[in-house]
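Inspection log for the structure reproduced underneath, given as structure tokens.
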Amino acid sequence: EIAKWNPKALDLWEKFAVPENDDKESFQSSFVRHVTSTLARSVYNIDNFSAYQATAHTVRDRLIKRWNDTQQAHAEVGPKRVYYLSLEFLLGRSLDNALLNLGLKESYGEGVEDLGFRMEDVLDQEVDAALGNGGLGRLAACYMDSLATLDYPAWGYGLRYTYGIFQQRLNDGFQVEFPDYWLNFDNPWELPRLDVVIDIYFGGSVSKYTDNNGRVRAIWEGGEPIQAVAYDVPIPGYGTKNCINIRLWSSKPKRKFDLKHFNEGQYEKAVQAQMEAENITAVLYPNDNHMVGKELRLKQQYFWVAASLADIVRRFKKSEKPISDFPKQVAIQLNDTHPTLAIVELQRILVDVEGLEWDDAWDIVTDTFAFTNHTILPEAMEKWPVPVLTYLLPRHMQIIFDINLFFLQSVEKKYPDDRDLLARLSIIEESSPQFVRMAHLAIVGSHRVNGVAELHSNLIKTTIFKDFVKFFGQEKFQNKTNGITPRRWLHQANPKLSDLITEKLGNKDWLKDLFKLKQLEKYVDDPDFKKRWVAVKGSNKARLADYIKKQTGISVNSNALFDIQVKRIHEYKRQFMNILSVIHRYNLLKKMTPKQRKETVPRVVIFGGKAAPGYYIAKLVIKLINSVADVVNKDLSIEDTLKVVFIPDYNVSVAEIIVPASDISQHISTAGTEASGTSNMKFVLNGGLILGTVDGANIEIHEEIGDENIFMFGNLADKVEDLRHAHRYRNKQMDPALKAVLDDIESGHFGDPRIFVPLINTLTIGKDYYLLSDDFGSYLRAQDMVDEAYKDKDEWAKKSILCTARMGKFSSDRAIKEYAESIWNVEPIPVEEVREHKLHE
Ligand code: 7GP
């Protein structure tokens, strides 16, 4: 207010504002100031890590400015906001990304060099923010980048885990897990909001009372509160001043100390409550595509959605609009079923706290929420025991029963006497104990439900959610094919290719409109361009070869075909089939004459990925890969025609080195099991071809890039059930090539074969659920086609260019626009325009 009234003060505020158009010098002055004042160091005791911190703090200052301006603009306009609720945000590193999105990379790079450092080394000091498992968490991060870039008034809500996804190391070829204590040093990418604190209750009891209008109402009085403290993570858009927010909640005890116990001399008991409160956000559950029914996980979920909803409702109330306007101001997207309790919590707030009638409240709730499903794997479907919910959240359990009752009554009305239908649709599974089916609750409480690729969206409509489609109709069920951000996955990860593209297209517009890459097609037959394209790929392969040497000690030939499969280790993703085909290849190479070997294409087969700590079979796959690598890499007789590498601790920043370096990457899930996949998009965008099954987004990538530029194989999704049936009841013959490979393992060729018995049993006793045997033959044939195609370097280069050129569809910008237009109904709010407008007022 003072600034407004006093022009002199206003001038001062302007003069000393954080600079908007930064240059080398303003960077250096801020850098030195942060070294001196923030880090308490000097030129005599500063290392690369301190240089990283000083640079990060300088960028942080700029981010905070933009973040504030953005929030202020939103507050002025009062638009409908979208809230993305995700239990995982797999952000990776922030410094490089922020420098590029803010357009500061060049000036700061020069600035830091003058001061005696190399930007590359500085960037390399940062630890990943690894608050996610895999696809679902990384998708959330890409979506936040697009929401910011497209100027949408959006917020992310998540948890600030003290321990992110574990670090993976190898011991004798076995995975061992180490805690990821990522907050060991200060984290410049968050703003602690110790003033934004919300009390969260568990347990307690529900009582009934009669209100002034004579209606019976419920009131929940929870037990001891736990505090949710907000930590805000600014997310800058590319080429815009907008900077949005991810709000992560951290748990802490409300009362510091239990005085009663303390006075009784029970010190341990006194601190116990404190520790239990802090436990809630201590650790990310390390399971991908798999539900583990731990009570602490359920507490995490409620803690997070209750804090987020309290925050959202508080912000809505500031607008002073009537509560019936809530869905006009608020869209909430549920990233899978993890935040489903938000539906129940909003209903509770509207009915119990705001005093609305049930039906009016329920209309608001369903108009507000939309739900994305990310998997059809049965073991990933969330369900919670009714008894556990009843004692942790007694009022919520009542509300769930009421939601179910009213829902089933409406089903009964439309389809009288179809009791099987009622049982199939019910939110409650009538087992003993009973369970709450979270996906059912999410569907009933949302106005839109979507899958993440065409095939997946069709499959959920015809399988797991079939009865819901029958009841609610088709319109409620949509497809939103996933996308990835080209800023991180091309511009940042592959600077050489980005420069080449920008030079050819004449500007960087393609980074905001990825369909512009189409213009590259003009140059597919330009020999000079092709040569440069191939040189970029070569240098990215050399960079990866260096990384492999450093991490594993293995030397690989960068002229070989780089064949990569990096993703979480899971039976449905079939890394097992890949390593079995490597053994097959190795045995062929050994039988060849030197002349024949000379004519074959040398390969480096690269694996990476974490197995959930309790996933025994997945861990055996890692061990088998390493055992095969040990034998193959030592065998001089095959003359460097084959190398096998397992890169440890695959994560986002490692992916940024791996993705630009592929010739071929593998996406070989059993048809119908991989909902979409997103790394497939990243590899192809970087000019890598793919070898894949007819599954997930592979299908749409194929549609875009054309038959000649992709290697597809395997049985189709609609055959899977019949094939499984045949394995179960007809003792299907195993593919002979596969049988030979298994015999080779059992002979002890790759170390003590007893270790691998349970793994091999999945194909025999286990009836080969993921159909390796059925796809093995066509997989080997597809591999041969890859080898053949790679021999024609010129044609391969052409394919590579066409891959990149045709990836426009897979930008997360396209995906986010589709969500905004057909689910959320939100509009962009460009901060700069709002500020201009204000100046003219
Ligand atoms: C993954 C899917 O497995 C992957 O195919 C998809 O690309 C990704 O989500 C993003 O949509 N699912 C998970 O990561 C997961 O854990 C269960 O889903 C909740």
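The values are calculated or read from the model by the stated rules, or taken from the named source; none is laboratory data. Since the structure is predicted, the reported quantities are computational estimates derived from the model, not experimental observations. Glycine gets a Cβ as well: all are built from the backbone with ideal geometry, and neighbour counts include every protein chain shown.
Quick look at the values:
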{"quantity": "Selection count, segment 776-800, where residues are of a type in the set (D, E, K, R) and either outside the structural domain of Gly538 (by TED's automatic domain parsing) or in contact with a His (Cβ under 7 Å, 6 or more places away or on another chain) (or both)", "calculated": "0"}
{"quantity": "Test: residue in segment 725-739 that is at negative phi and surrounded by 22 or more Cβ atoms within 10 Å (Cβ to Cβ)", "calculated": "yes"}
{"quantity": "Those residues of segment 581-605 which are touching a helix residue (DSSP H, G or I) at 6+ places or on another chain (Cβ under 7 Å) and assigned to a strand (DSSP E or B), in sequence order", "calculated": "Val605"}
{"quantity": "Strands (runs of 3 or more DSSP E) lying entirely in segment 622-705 (those with 1 or more residues that are under 19 Å from the mean Cα position of the chain (by Cα))", "calculated": "664-667"}
{"quantity": "Elements of type helices (runs of 4 or more DSSP H) in segment 391-508, at least 2 residues being farther than 25 Å from Glu379 by Cα and touching a residue at least 40 places away in the same chain (Cβ under 8 Å)", "calculated": "394-414, 495-505"}
{"quantity": "All strands (runs of 3 or more DSSP E) inside segment 170-222 with 2 or more residues being hydrophobic (A, V, I, L, M, F, W, C) and touching a Lys or Arg at 6+ places or on another chain (Cβ under 8 Å)", "calculated": "174-178, 216-221"}
{"quantity": "Criterion (modelled with pLDDT of 95 or more and either touching a Gly at 6+ places or on another chain (Cβ under 8 Å) or polar (S, T, N, Q) (or both)) met by exactly one of Asp695, Asp722", "calculated": "Asp695"}
{"quantity": "Count of residues meeting criterion [acidic (Asp, Glu) and buried (at least 17 other Cβ atoms within 10 Å of the Cβ)] in segment 45-103", "calculated": "3"}
{"quantity": "Only one of Lys383, Lys414 that is of a type in the set (Lys, Arg) and within 16 Å of the ligand (Cβ to nearest atom)", "calculated": "Lys383"}
{"quantity": "Some residue of segment 652-667 being more than 16 Å from the ligand (Cβ to nearest atom), surrounded by fewer than 24 Cβ atoms within 10 Å (Cβ to Cβ) and polar (S, T, N, Q)", "calculated": "yes"}
{"quantity": "Answer residue from segment 284-316, given it is within 16 Å of the ligand (Cβ to nearest atom) and among the β-branched types (Val, Ile, Thr) and is surrounded by the fewest Cβ atoms within 10 Å (Cβ to Cβ) among those", "calculated": "Val292"}
{"quantity": "Qualifying position, being within 24 Å of Glu106 (Cβ to Cβ), in contact with a helix residue (DSSP H, G or I) (Cβ under 8 Å, 6 or more places away or on another chain) and part of a helix (DSSP H, G or I), among Glu25, Glu20", "calculated": "Glu25"}
{"quantity": "Residue among Leu334, Leu346 that is assigned by TED's automatic domain parsing to the domain that holds Ala230, within 16 Å of the ligand (Cβ to nearest atom), under 19 Å from Lys80 (Cα atoms) and of a type in the set (A, V, I, L, M, F, W, C)", "calculated": "Leu334"}
{"quantity": "Those residues of segment 352-380 which are part of a helix (DSSP H, G or I), away from the ligand (no atom under 16 Å from the Cβ) and either in contact (Cβ under 8 Å) with a residue 60 or more places away in the chain or within 29 Å of Asn287 (Cβ to Cβ) (or both), in sequence order", "calculated": "Asp352, Val365, Thr366, Asp367, Thr368"}
{"quantity": "Neighbours by Cβ (under 8 Å, 6+ apart or cross-chain): first from segment 180-199, touching a residue at least 40 places away in the same chain (Cβ under 8 Å); second in a loop (DSSP other than H, G, I, E, B) and hydroxyl-bearing (Ser, Thr, Tyr)", "calculated": "Trp189/Ser94"}
{"quantity": "Enumeration of residues in segment 445-464 that are surrounded by fewer than 23 Cβ atoms within 10 Å (Cβ to Cβ) and more than 14 Å from the ligand (Cβ to nearest atom)", "calculated": "His447, Arg448, Asn458, Lys461, Thr462, Thr463"}
{"quantity": "Test: residue in segment 218-233 that is under 22 Å from Thr678 (Cβ atoms) and surrounded by 16 or more Cβ atoms within 10 Å (Cβ to Cβ)", "calculated": "yes"}
{"quantity": "Count of residues meeting criterion [in contact with a Pro (Cβ under 9 Å, 6 or more places away or on another chain) and of a type in the set (Phe, Trp, Tyr)] in segment 435-471", "calculated": "1"}
{"quantity": "Hits in segment 93-141 - residues which are part of a loop (DSSP other than H, G, I, E, B) and within 16 Å of the ligand (Cβ to nearest atom)", "calculated": "Gly132, Asn133, Gly134"}
{"quantity": "Meets criteria (in a strand (DSSP E or B) and within 15 Å of the ligand (Cβ to nearest atom)) for Gly158", "calculated": "yes"}
{"quantity": "Subset tally (residues that are closer than 16 Å to Phe465 by Cβ and over 29 Å from the mean Cα position of the chain (by Cα)) for segment 423-448", "calculated": "5"}
{"quantity": "Residue within segment 745-761 that is of a type in the set (Val, Ile, Thr) and within 16 Å of the ligand (Cβ to nearest atom) present", "calculated": "no"}
{"quantity": "Where a residue in segment 814-830 is at negative phi and its partner, wherever it lies, is part of a helix (DSSP H, G or I) and of a type in the set (S, T, N, Q), with Cβ under 7 Å and at least six apart", "calculated": "Ile816/Ser146"}
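Every residue, every condition in (1) under 22 Å from Glu700 (Cα atoms); (2) not in a helix (DSSP H, G or I), yes or no:
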| site | (1), (2) |
| --- | --- |
| Pro758 | no, no |
| Leu763 | no, yes |
| Tyr769 | no, yes |
| Phe776 | no, no |
| Tyr779 | yes, no |
| Asp784 | no, no |
| Glu788 | no, no |
| Ile801 | yes, no |
| Thr804 | yes, no |
